[in-house]
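All remarks here apply to the structure that follows.
Every number here is computed from the coordinates shown, using simple stated rules; none is lab data. Quick caveat, the model's predicted, so the values are computed rather than measured. No Cβ is skipped: glycine too gets one built from the backbone with ideal geometry, and neighbour counts run over all protein chains shown.
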């Protein structure tokens with residue numbers, strides 16, 4: 001199939017998928033698999049290989065998502081059932097006041113998101129978002145959308161996240177300089193993005209039940225201390241921070257690096273946190289081991305849909321990659337003759353929209369632009385700003401082929417149509433805002 005034909009096929013696949021989910025009301029899991037298979041076959045992928053491409057996409061996505069979502073849901077569930085979310089929300093709402101709650105959680109998300117992957121951070125904070133929303137009588141979307149966008153901003157721009165680190169390596173940049181310059185730009189982006197999102201009217205939206213919908217309204221006698229809950233939330237984050245920091249600062253053959261990397265991996269860090277919560281909160285509430293285990297097990301059915309739909313989204317993304325649709329789009333933009341920093345942003349945004357993964361979009365763009373950046377003779381600061389622009393290109397246009405889209409929308413109780421209207425829009429506002437701030441700095445240097 002020609003390049004133009006592939007582009008039209010990609011657009012048609014997205015349009016059919018949206019029609020099936022929004023108007024036909026077909027289950028998202030079934031619709032994603034159906035459209036993925038059809039797109040694979042029509043694009044020219046052999047019949048014998050098309051099923052493998054689809055199931056391979058499911059496997060690659062669930063390999064990183066299923067364990068994290070499951071353990072994160074367990075941690076949130078036991079915090080909720082113990083009354084911890086209520087205690088935490090009541091304590092800080094009383095200290096900060098209702099009007100400062102959203103800002104405080106956005107700031108917390110910015111800080112906590114630096115060492116923690118986007119999906120892990122959002123799953124950990126989701127019950128806290130609903131807890132604060134219930135106690136402060138704020139619509140959870142008013143908190144959840146900017147918190148998610150903040151976590152994603154940090155994830156695509158700042159080291160030690162893998163995408164920005166890999167971009168720095170591919171472009172011969174300095175990860176330390178990227179962190180130094182990217183941190184204030186990201187902070188300004190989050191502040192401006194939050195001010196824009198505040199203007200959204202989200203009150204009264206009909207939402208589906210969320211796996212953590214009742215967090216914050218589960219009041220119990222003698223709830224755990226807010227500081228105990230903070231400790232349980234920070235435990236996996238600190239462990240992950242140890243792992244990522246050791247990878248950056250320690251030699252590859254250093255004896256402690258492998259241990260730090262092991263306990264700092266997201267699955268192990270969350271597993272440790274779940275075990276600690278199982279013992280600490282179970283003992284504090286007077287539950288026996290069986291009762292504590294039942295609380296943890298009860299979290300899994302609620303997130304089963306999230307896991308399966310996320311996997312199917314990975315299948316669709318993999319088909320778009322293997323069919324060559326993303327490569328055709330990137331070739332068109334790379335040869336457009338636009339300013340280098342604008343090309344970096346648009347190319348990454350196009351790849352992000354085409355195949356879903358922000359990290360893949362970042363790495364592909366960096367690979368395509370590595371030689372043009374060398375040929376342009378840019379300073380280290382200019383190169384760093386282009387790296388930041390690439391990051392912001394991967395921030396926006398989160399939609400149905402992005403696993404993060406399904407995690408955010410399902411946890412917030414949004415339908416596909418609502419997710420496109422609110423989450424896709426919010427992520428794009430943050431991405432465009434960040435790029436414009438970066439371009440303004442680039443123009444000054």
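Potential lengthening of the chain between residue 263 and residue 55 amounts to 71.9 nm, from the contour at 0.36 nm per residue minus the alpha-carbon distance.
If R0 is 41 Å, the Cβ-Cβ spacing of residue 238 and residue 381 corresponds to a FRET efficiency of close to 0.80. Once both labels are positioned 7 Å from their Cα atoms along Cα-to-Cβ, the gap between residue 41 and residue 298 label points is 4.5 nm.
Legend: ranking of residues 60, 77, 417 from fewest to most surrounding C-beta atoms inside 10 Å; resulting order 417, 60, 77. Taking the chain as a Gaussian network of alpha-carbon nodes connected by springs under 10 Å, the highest mean-square fluctuation of the residues 371, 355, 90 belongs to 371. For the chain, take the longest principal axis of its alpha carbons; what is the angle in degrees between that and the long axis of helix 380-393, to the nearest 10 within 0 to 90? Roughly 70 degrees, rounded to the nearest 10. Between helix 175-197 and the chain there is an angle of about 70 degrees, using the helix long axis and the longest principal axis of the Cα atoms. Below 8 Å between Cα atoms, with a sequence gap of 6+, how large is the relative contact order for the stretch 10-131 in percent? Once divided by the residue count of the stretch 10-131, the mean separation gives 23 percent. Largest GNM mean-square fluctuation among 344, 87, 261, using the chain with Cα springs under 10 Å: 261. Summarising the label geometry, the points placed 7 Å from Cα in the beta-carbon direction at residue 342 and residue 111 lie 4.0 nm from one another.
Relative to the longest principal axis of the Cα atoms of the chain, helix 226-249 runs at roughly 30 degrees. Here the residues 143, 7, 138, ranked from fewest to most Cβ neighbours within 10 Å of their Cβ, fall in the order 7, 138, 143.
Counting beta carbons within 10 Å around each of 278, 406 and listing the fewest first gives the order 278, 406. Largest GNM mean-square fluctuation across 53, 319, 259, computed for the chain with C-alpha springs under 10 Å, falls on 259.
With both labels modelled 7 Å from their Cα along Cα-to-Cβ, the residue 48 to residue 198 distance reads 6.1 nm. Think of it as helices only: each DSSP H run of n ≥ 4 in the chain is worth -39500 (n - 2.57), and spread over all residues that comes to -25500 deg cm²/dmol at 222 nm.
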